[in-house]
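Remarks on the structure that follows.
The values are calculated or read from the model by the stated rules, or taken from the named source; none is laboratory data. As the structure is a computational prediction, the values presented were derived from the model and not from experiment. Here the Cβ positions follow ideal geometry from the backbone for every residue, glycine too, while neighbour counts run over all protein chains shown.
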């Protein structure tokens, strides 16, 4: 009896196991056939081929309607791994002009799902990109010999002029990191994406929308035509054309003046914040980063000790030198520390006990207008003392924190928000910074006096200095500098570029600084190198000689013109260029004259030729080739 019970029990256990196994198979089959796309895709891809049709990327124009960046036909070489049979690898490598090692490496990269998450042996994968002209003709003649390989039409970028690579940017193959971060699921391995400049900033406008063709395959994987006569095909949508604020002619001229020099130049239209020209020097031809030699050329640019890929206009932080002095006068006037008639002394510079901050002037007493015109260190040293010892504040540190707030309102210490990648914030110290540095909260104005003349801890980008010139030209407000003027299909550019930013200083106080900068251009530090009255241009300017612990001083200029109807504001910064009047002033004023008058007067042709021929590369110190 007990034996029969055990047999009966064992029968139910075995039956239950059989049912469980059957259920497992049913669930797994359901999962494979219904829930998992992988196997559906494999089956479908045996019969269908989804071919991506890439859209034409938007064209880029300058402010005058000149075409800067356009598209040219190209091809990608595609490989479908499942279809590769009896490959003569040696012959293939000879056709492609590549080594066997590089071929193996490329095939491994394609199959690596960590680098290529969308990999399938049934679908075409990108083997090589940007095949142009004669190379494509040569490859297409022999491609029929290699099963599994085919070409796909693409367009790639081409550049009308060899200018503005940092502004325009370029395109490159999307990286594995970018593929993982792509929330829109737009990109696939082998796709191109904007890299640097407006190509990166306005990528979503420029790229357009992909189309697709649903094609039929036969049993051998050969394409037999469109499925249902193209019923499910989708046409691509071209990218939006964009117009930039850049003037291509002015940009090319500024780049020529900055040739063989390291530094930057930024020119802004004060009334709008539109960037008219922006140069980072040394520069490079953007056409170097087109085609299948892009990688080789890019590596050469990276290896260049002068760092041509580095955008000094927005990324480099420099001591602004004496171009910083107008901000001190403005703060002093607004905060009541000085008046336009306040006289401050210069005894061959600023002197306090045994401390001396030298000045090119002798013994003199100045008010703010001639102090700006002569760029007097003594005057602005004492101006900072009066600001920080202002009785309206309980402590020097409280006054300094307000000083910092004034500086921030003028566009210093933080990113301005320009629509070019890589902008840095410069540096404006705050109260906590010095309290930590001095290990006390009781430091005195004399401890930080060098900041009064744009030295010490103060750092600014050439963009910020140009923006200060535009702010002074506007008598107290600025628009965020930008390079976008129009996007096809949109009524206006982003609103952030259309809103004025007013500083904490009243416009009436800016008039005194404008007068000082005008006097600098008429008979002050700007006059010898940049007098433009004979050309009918009322220039306002300020020189700067920024101390450089690594070598010769930097040459700086900021200015705008005309005085009462400003059309252009400029900052020119030449590393290791010496006094501001040596390089900064002539280059900056030539750019102003070129923009306003359209040409350089015969009277100044000699100066133009000097700047075109001049080189500061031998003064580069840390940049010097080893």
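A few comments on the model shown:
- Matching residues in region 325-344 - criterion: being under 14 Å from residue 514 (Cα atoms) and in a helix (DSSP H, G or I): 325, 326, 327, 328, 329, 330, 333
- Region 310-324: number of residues that are assigned to a loop (DSSP other than H, G, I, E, B) and crowded, with 24+ Cβ neighbours inside 10 Å: 3
- A single entry from 513, 483 fulfils the requirement of being modelled with pLDDT of 95 or more, farther than 17 Å from residue 369 by Cβ and touching a helix residue (DSSP H, G or I) at 6+ places or on another chain (Cβ under 9 Å): 483.
- Restricting attention to region 368-413, the residues that are part of a loop (DSSP other than H, G, I, E, B), crowded, with 24+ Cβ neighbours inside 10 Å and more than 33 Å from the chain's Cα centre (by Cα) total 1.
- Any chance residue 416 is under 31 Å from the mean Cα position of the chain (by Cα) and not in a helix (DSSP H, G or I): yes
- Index of the failed condition, residue 440 passing every other in (1) in contact with a helix residue (DSSP H, G or I) (Cβ under 7 Å, 6 or more places away or on another chain); (2) modelled with pLDDT under 95; (3) over 23 Å from residue 574 (Cα atoms): (1)
To keep it simple, each residue is scored yes or no on (1) in contact (Cβ under 8 Å) with a residue 12 or more places away in the chain; (2) within 30 Å of residue 506 (Cβ to Cβ).
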{"site": "286", "(1), (2)": "yes, no"}
{"site": "290", "(1), (2)": "yes, no"}
{"site": "296", "(1), (2)": "no, no"}
{"site": "311", "(1), (2)": "yes, no"}
{"site": "321", "(1), (2)": "yes, yes"}
{"site": "326", "(1), (2)": "yes, yes"}
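- Any chance residue 65 is outside any helix (DSSP H, G or I), under 21 Å from residue 192 (Cβ atoms), in contact (Cβ under 8 Å) with a residue 40 or more places away in the chain and assigned by TED's automatic domain parsing to the domain that holds residue 209: no
- Options 610, 576; residue that is farther than 30 Å from residue 271 by Cβ and not assigned by TED's automatic domain parsing to the domain that holds residue 368: 610
- Conditions (1) without any contact (Cβ under 8 Å) to a residue 60 or more places away in the chain; (2) surrounded by fewer than 24 Cβ atoms within 10 Å (Cβ to Cβ): number failed by residue 584: (2)
- Taken over region 124-155, the criterion of being closer than 25 Å to residue 215 by Cα and under 32 Å from the mean Cα position of the chain (by Cα) is satisfied by 125, 126, 127, 128, 129, 130, 131, 152, 153, 154, 155.
- Qualifying residues in region 345-367 (those that are touching a strand residue (DSSP E or B) at 6+ places or on another chain (Cβ under 9 Å) and touching a residue at least 40 places away in the same chain (Cβ under 8 Å)) - the one surrounded by the most Cβ atoms within 10 Å (Cβ to Cβ): 350
- When residues of region 265-298 are limited to those that are in a loop (DSSP other than H, G, I, E, B), over 19 Å from the mean Cα position of the chain (by Cα) and modelled with pLDDT under 95, the one surrounded by the fewest Cβ atoms within 10 Å (Cβ to Cβ): 293
- Hey, residue 382 under 16 Å from residue 327 (Cβ atoms) and in the same structural domain as residue 545 (by TED's automatic domain parsing) or not: yes
- Single unsatisfied condition, residue 188 versus (1) under 20 Å from residue 125 (Cβ atoms); (2) under 20 Å from the mean Cα position of the chain (by Cα); (3) surrounded by fewer than 19 Cβ atoms within 10 Å (Cβ to Cβ); (4) in contact (Cβ under 8 Å) with a residue 24 or more places away in the chain: (2)
- Some residue of region 207-217 being touching a helix residue (DSSP H, G or I) at 6+ places or on another chain (Cβ under 9 Å), buried (at least 24 other Cβ atoms within 10 Å of the Cβ) and modelled with pLDDT of 90 or more: no
- Taking the numbered list (1) over 22 Å from the mean Cα position of the chain (by Cα); (2) surrounded by fewer than 22 Cβ atoms within 10 Å (Cβ to Cβ); (3) at pLDDT 95 or above; (4) assigned to a helix (DSSP H, G or I) in turn, residue 504 passes all entries but (4).
- Among the residues of region 513-537, those identified as touching a strand residue (DSSP E or B) at 6+ places or on another chain (Cβ under 6 Å) and in a loop (DSSP other than H, G, I, E, B) are 525, 526, 537.
- Selection within region 424-449 - closer than 30 Å to residue 486 by Cα and surrounded by fewer than 20 Cβ atoms within 10 Å (Cβ to Cβ): 424, 425
- Options 119, 39; residue that is modelled with pLDDT under 80, over 31 Å from the mean Cα position of the chain (by Cα) and under 30 Å from residue 289 (Cβ atoms): 119
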